Amino acid sequence: MSLSLADLGWHPDDHVESLIHSHPRLRPARVTRAERGAWLVHDGAGELLARGHARPLDDVPVTGDWVLISGDERSSCYVEVLLPRRTTLSRAEAGRRKAEQVLAANVDVVALCAAAGAVNHRRLDRELTAVWESGATPLVVVTKADTIADPDDEVARAAAHCLGVDVVAVSSVSGEGVAALRARIAAATTLALIGPSGVGKSSLVNALAGHEVLATADTRSDGKGRHTTTSRHLVPLPSGGLLLDTPGMREFAPWVGDEGLQGTFADIDELASHCRFSDCGHDSEPGCAVVIAAASDEEVGKRLDSWRRLQREQAWLERRHDARLMAQERRRWAIMSKSARSQIRP
């Protein structure tokens, strides 16, 4: 498929334009796939394999990034400059969760995929928080709609939980909802798919593209998904939009600030405006409008519980992150002190 930079979503602002003018020998390209130490990039003329230059970049490019490159298919192609990101979708690093992991860049819409009959609202809260923080627009996609009797009921319950977010049901088998979802991906718009393994993201990519782009596999005998996608791809659609598929993630902890939580819990934020104290923690403070509402409304109580969980998790992440930075600083000063002592010894 022939693609121009505009087809790939290229619409630089004045700051990016000035960066390009300051590097006249380089040209822009978009990362369509990131591998270890190398990237597939598209410069509007074709796809090239680019490697990192000896000069370190400000950050490691990820799928969806815009970069400035040198070279071509006849000579070595290098990523020279990472351009500023419009949106950045991140999560806390899996495992010990002490660092940010950037999943995708310059995404316009993020589809949170959950399989019909197994929609985990707490996971949706985590993913929504990360999407609001990223600057992209969230969309909840209930996949495998053909596997349950009443997908509309599943959609209604998800919509009631994810306030202000569109929810759609699709089936890659029957084709239900696929055309409607494809119509949401406008020309030069990038939509990313996230969700756990086994929810049918790869099948959905193939259905939206109209042909097999990614390999698929059945879920395991224990009901858990198989990792058929092992890296992030930027897939052009015949309609002009772009899809960014991501590997399944069994755990998802958002790497966020206040904006992400406020976007996900706008209802809690609205109730909080009626609290007696402006710095109310919504715990045991007198006159807390959120606690009062939660006592009389079960759904508000569940929302408050999710909000508290994410607040505690974010506070823990910040403490771990600060502890890591403090440890690095102590090691740096220890090395400097040892070097200084060695220089003054007779």
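The values are calculated or read from the model by the stated rules, or taken from the named source; none is laboratory data. These numbers were taken from a predicted model, which means no experiment stands behind them. Here Cβ is always computed from backbone atoms with ideal geometry, including for glycine, and neighbour counts include all displayed protein chains. The protein model used for the area step is the full one, side chains on, heavy atoms only, and it has no ligands, DNA or RNA in it. Shrake-Rupley method; radii C 1.70, N 1.55, O 1.52, S 1.80 Å.
Here G9 passes the criteria (1) part of a strand (DSSP E or B); (2) in contact (Cβ under 8 Å) with a residue 60 or more places away in the chain except the one numbered (1). Of the listed requirements (1) open to solvent by less than 20 Å² (accessible area, probe 1.4 Å); (2) in a strand (DSSP E or B), V16 misses just one: (2).
Say whether the condition of being closer than 30 Å to V168 by Cα and either touching a Pro at 6+ places or on another chain (Cβ under 9 Å) or not aliphatic (A, V, I, L, M) (or both) is met by at least one residue in the stretch 33-43. Yes, the conditions are met somewhere in the stretch 33-43. The set of residues in the stretch 15-46 being under 17 Å from N106 (Cβ atoms) and free of Cβ contacts under 8 Å to residues at least 24 places away in the same chain consists of E17, L40.
Take the conditions more than 13 Å from the chain's Cα centre (by Cα), touching a residue at least 12 places away in the same chain (Cβ under 8 Å) and open to solvent by less than 10 Å² (accessible area, probe 1.4 Å) and apply them to V140. Does it pass? So that I can check it myself, show each step before the final result.
Working: more than 13 Å from the chain's Cα centre (by Cα): yes; touching a residue at least 12 places away in the same chain (Cβ under 8 Å): yes; open to solvent by less than 10 Å² (accessible area, probe 1.4 Å): yes.
Yes; evaluated as a whole, the condition is true for this residue.
Restricting attention to the stretch 73-92, report how many residues are open to solvent by 20 Å² or more (accessible area, probe 1.4 Å) and touching a residue at least 24 places away in the same chain (Cβ under 8 Å).
Step one: of the stretch 73-92, the residues open to solvent by 20 Å² or more (accessible area, probe 1.4 Å) are 73-76, 78, 80-82, 84-86, 88, 91.
Subset that is touching a residue at least 24 places away in the same chain (Cβ under 8 Å): 73, 76, 78, 80-82, 84, 86, 88, 91.
Of the residues in the stretch 73-92, 10 are open to solvent by 20 Å² or more (accessible area, probe 1.4 Å) and touching a residue at least 24 places away in the same chain (Cβ under 8 Å).
I'm trying to understand the selection: among the residues of the stretch 54-67, which are out of contact with any helix residue (DSSP H, G or I) (no Cβ under 9 Å at 6 or more places or on another chain), at pLDDT 75 or above and open to solvent by less than 60 Å² (accessible area, probe 1.4 Å)? Please lay out each step first, then the result.
Of the stretch 54-67, the ones out of contact with any helix residue (DSSP H, G or I) (no Cβ under 9 Å at 6 or more places or on another chain) are 54-65, 67.
Cutting the leftovers down to at pLDDT 75 or above gives us 59-65, 67.
The answer is P61, V62, T63, G64, D65, V67.
Where helices (runs of 4 or more DSSP H) fall entirely within the stretch 238-346, those with at least 1 residues that are within 24 Å of L112 (Cα to Cα) and at pLDDT 75 or above are at 266-272, 298-344.
Out of S70, S174, which single residue is in contact with a Phe, Trp or Tyr (Cβ under 7 Å, 6 or more places away or on another chain) and surrounded by fewer than 22 Cβ atoms within 10 Å (Cβ to Cβ)?
When all the criteria are applied, what remains is S70.
Of the candidates H11, H21, H42, the single residue that is over 27 Å from L243 (Cβ atoms), more than 19 Å from the chain's Cα centre (by Cα) and not hydrophobic (A, V, I, L, M, F, W, C) is H21.
The single condition among (1) farther than 20 Å from G240 by Cα; (2) in contact (Cβ under 8 Å) with a residue 60 or more places away in the chain; (3) outside any loop (DSSP other than H, G, I, E, B); (4) open to solvent by 30 Å² or more (accessible area, probe 1.4 Å) that R51 does not satisfy is (2). Looking across the stretch 124-161, the residues that are closer than 16 Å to V199 by Cβ and touching an Asp or Glu at 6+ places or on another chain (Cβ under 6 Å) come down to L139, V142, A145.
Residues in the stretch 54-86 that are more than 24 Å from the chain's Cα centre (by Cα), more than 20 Å from L3 (Cα to Cα) and part of a loop (DSSP other than H, G, I, E, B): A54, R55, P56, R74, S75, S76.
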